[in-house]
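First the structure, in the form of structure tokens, and then the observations on it.
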Amino acid sequence: MLDLIPAHAEPPTVKISSRGAKRLKDGHVWVYRSDAVSAESVAPGALVRVSDERGRFLGTALYSSASQIAVRMISREAVEDFDQLLRARLREAAAYREKVVSDSNAYRVAFGEGDLLPGLIVDRYNDLLSLQILTQAIDADPVRSAVLSEISALFEPSGIVERVDARVRELEKLPPRSSGLLQGQKSSTVFTMNGVQFEFDALAGQKTGAFLDQRENYAAAARYAYGEALDVFCYHGGFALHLAPKCSHVTGVDSSRPALEVADQNSALNHREVEWIEANAFDLLRDYADAGKKYDTIVLDPPAFAKTKSSLPTALRGYKELNLRALKMLRPGGVLVTCSCSYHVGAAEFLGVVAEAARDARRSLRILESRTQAKDHPILLNVPETAYLKCLILTVSS
Ligand code: SAH
């Protein structure tokens with residue numbers, strides 16, 4: 001189905017509506033299916049020329065026959081050789097990380113659109129690489145081979161693992177595939193960020209290896225944390241382990257037992273004492289707040305509550321409730337680190353929810369830092385979907 005496009009063949013053209021063309025002129029890189037006016041005979045995953053309705057050339061893109069996002073731009077120019085472009089982009093992405101990542105051998109090497117590599121995610125965990133393929137174009141065999149050969153040459157990893165998102169493959173009408181090793185023998189390792197070590201097992205049942213996007217926020221939170229700390233939605237202990245040296249006692253809470261087992265291994269690995277509690281965060285916060293428990297530092301890093309636009313009102317209520325409960329438990333002078341990874345909740349909206357929670361809790365809050373995702377998850381201006389993580393660090397002044 002997904003044949004190799006001969007390097008010098010003329011790619012097919014997808015014509016797009018004036019609304020689609022305007023979107024591209026405004027700097028976005030996606031064209032929705034409803035704006036693709038002529039694409040009937042284009043093969044799934046093909047490299048295409050994009051033109052407006054009058055035939056004016058707008059750039060080169062990757063086409064999907066299934067996704068609502070029919071066209072993902074890769075260049076404003078004609079692309080003669082996609083293999084070469086892909087390899088060059090991967091080299092650029094790796095070189096960019098050399099500049100912006102410090103104190104870590106784990107980071108995102110390629111972040112889809114943020115690296116002008118739509119459909120491709122590559123993470124590095126020390127000597128292992130983990131790959132996620134999200135589109136028909138990147139799933140094509142020759143493209144997979146080019147990605148593998150380039151990242152092998154760049155990092156000389158001991159193993160490359162593919163992490164499959166079954167739902168994405170279904171939406172892209174790609175045949176099912178299982179996660180597994182693509183290259184090498186090794187699928188688990190230990191990585192280090194900000195001087196903290198973490199176990200990583202690429203083939204364990206967990207959906208995600210680690211939340212690399214919080215790397216800079218872990219270090220920032222640790223700069224302000226003190227006293228008794230509570231890390232809510234702690235997963236493998238990213239925040240808790242960073243806070244431990246600064247705090248007299250740290251408790252991590254998560255509803256997933258397998259996640260807490262890894263968290264416990266991580267605390268042993270780092271000789272950092274953390275108390276891990278398996279609980280539903282909403283119930284635990286309510287019980288603790290009712291019991292009059294107090295903390296000096298609280299971290300809230302829940303999963304994305306708003307996965308779609310329609311779930312926004314429910315999501316906002318969830319964020320408000322969590323923040324309200326946490327604020328009631330903070331001692332004067334205490335620190336709240338509160339995050340949202342829902343793209344559909346904008347930065348201003350999230351700040352608004354926290355402000356409402358502060359008002360209802362009758363607390364005065366100061367913003368210490370208003371932060372976002374780590375720089376290895378680059379935010380592309382004019383492509384708002386590349387910016388998703390909010391992390392506010394606040395202090396309670398009374
Ligand atoms: N702070 C973590 C990432 C959190 S991801 C880090 O930096 O690594 C969200 C976590 O919330 C997951 O580990 C998931 O198991 C947990 N979770 C989801 N719903 C929950 C709930 N209702 N109560 C407690 N934990 C929950």
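Residue 351 meets the conditions (1) within 12 Å of the ligand (Cβ to nearest atom); (2) farther than 18 Å from residue 230 by Cα; (3) in a helix (DSSP H, G or I) in every case but one. The failed one is (1).
Residue by residue, here is whether (1) over 30 Å from residue 94 (Cα atoms); (2) at pLDDT 95 or above holds:
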| position | (1), (2) |
| --- | --- |
| 312 | yes, no |
| 325 | yes, yes |
| 355 | yes, yes |
| 360 | yes, yes |
| 380 | no, yes |
| 396 | yes, yes |
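Among the residues making up segment 70-112, those that are surrounded by fewer than 18 Cβ atoms within 10 Å (Cβ to Cβ), in contact with a Lys or Arg (Cβ under 8 Å, 6 or more places away or on another chain) and closer than 22 Å to residue 125 by Cβ are 100, 105. Of the residues that sit in segment 197-228 and are within 13 Å of the ligand (Cβ to nearest atom) and either among the polar types (S, T, N, Q) or more than 20 Å from the chain's Cα centre (by Cα) (or both), which one is surrounded by the fewest Cβ atoms within 10 Å (Cβ to Cβ)? The selected residue is 208.
The residue pairs whose first member lies in segment 100-114 and is hydroxyl-bearing (Ser, Thr, Tyr), whose second member is surrounded by fewer than 22 Cβ atoms within 10 Å (Cβ to Cβ), and whose beta carbons are closer than 7 Å, counting only pairs six or more residues apart or on different chains, are 104/192; 104/194; 107/97; 107/101. Taking the criterion of being crowded, with 18+ Cβ neighbours inside 10 Å and within 12 Å of the ligand (Cβ to nearest atom), the residues of segment 267-304 that qualify are 276, 281, 284, 285, 299, 300, 301, 302.
Yes/no matrix, rows are residues, columns are (1) surrounded by fewer than 15 Cβ atoms within 10 Å (Cβ to Cβ); (2) within 18 Å of the chain's Cα centre (by Cα); (3) basic (Lys, Arg):
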site: 342; (1), (2), (3): no, yes, no
site: 363; (1), (2), (3): no, no, yes
site: 368; (1), (2), (3): no, no, no
site: 381; (1), (2), (3): yes, yes, no
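Please specify each residue of segment 215-229 satisfying the condition of being in contact with a Leu (Cβ under 7 Å, 6 or more places away or on another chain) and more than 14 Å from residue 195 (Cα to Cα). Within segment 215-229, 221, 224, 225, 229 qualify. From the list 357, 326, the lone residue that is more than 22 Å from the chain's Cα centre (by Cα), more than 15 Å from the ligand (Cβ to nearest atom) and part of a helix (DSSP H, G or I) is 357. Out of everything in segment 305-317 that is surrounded by fewer than 13 Cβ atoms within 10 Å (Cβ to Cβ) and more than 16 Å from the ligand (Cβ to nearest atom), what residue ends up being farthest from residue 238 (Cα to Cα)? Among residues in segment 305-317 that are surrounded by fewer than 13 Cβ atoms within 10 Å (Cβ to Cβ) and more than 16 Å from the ligand (Cβ to nearest atom), the one farthest from residue 238 (Cα to Cα) is 310.
At least 3 residues being at pLDDT below 95 and in contact with a helix residue (DSSP H, G or I) (Cβ under 9 Å, 6 or more places away or on another chain) is the threshold, and among the strands (runs of 3 or more DSSP E) wholly inside segment 175-227 not one reaches it. Being under 27 Å from residue 382 (Cβ atoms) and among the β-branched types (Val, Ile, Thr) is a property that does not hold for residue 161.
Residue 320 meets all of the listed conditions (1) closer than 20 Å to residue 352 by Cβ; (2) away from the ligand (no atom under 15 Å from the Cβ); (3) buried (at least 18 other Cβ atoms within 10 Å of the Cβ) but one, namely (3).
Of all residues in segment 7-55, those satisfying the criterion of being touching a Phe, Trp or Tyr at 6+ places or on another chain (Cβ under 9 Å), part of a loop (DSSP other than H, G, I, E, B) and of a type in the set (A, V, I, L, M, F, W, C) are 7, 39, 42, 43, 46. For segment 237-259, the candidate set comprises residues that are crowded, with 18+ Cβ neighbours inside 10 Å and either over 21 Å from residue 326 (Cα atoms) or of a type in the set (Gly, Ala, Ser) (or both); within that set, the residue that is farthest from the ligand (Cβ to nearest atom) is 244.
The values are calculated or read from the model by the stated rules, or taken from the named source; none is laboratory data. Bear in mind the structure is a predicted one, so any value in this text is a computation, not a measurement. Virtual Cβ from ideal backbone geometry, glycine too; neighbours counted across all protein chains shown.
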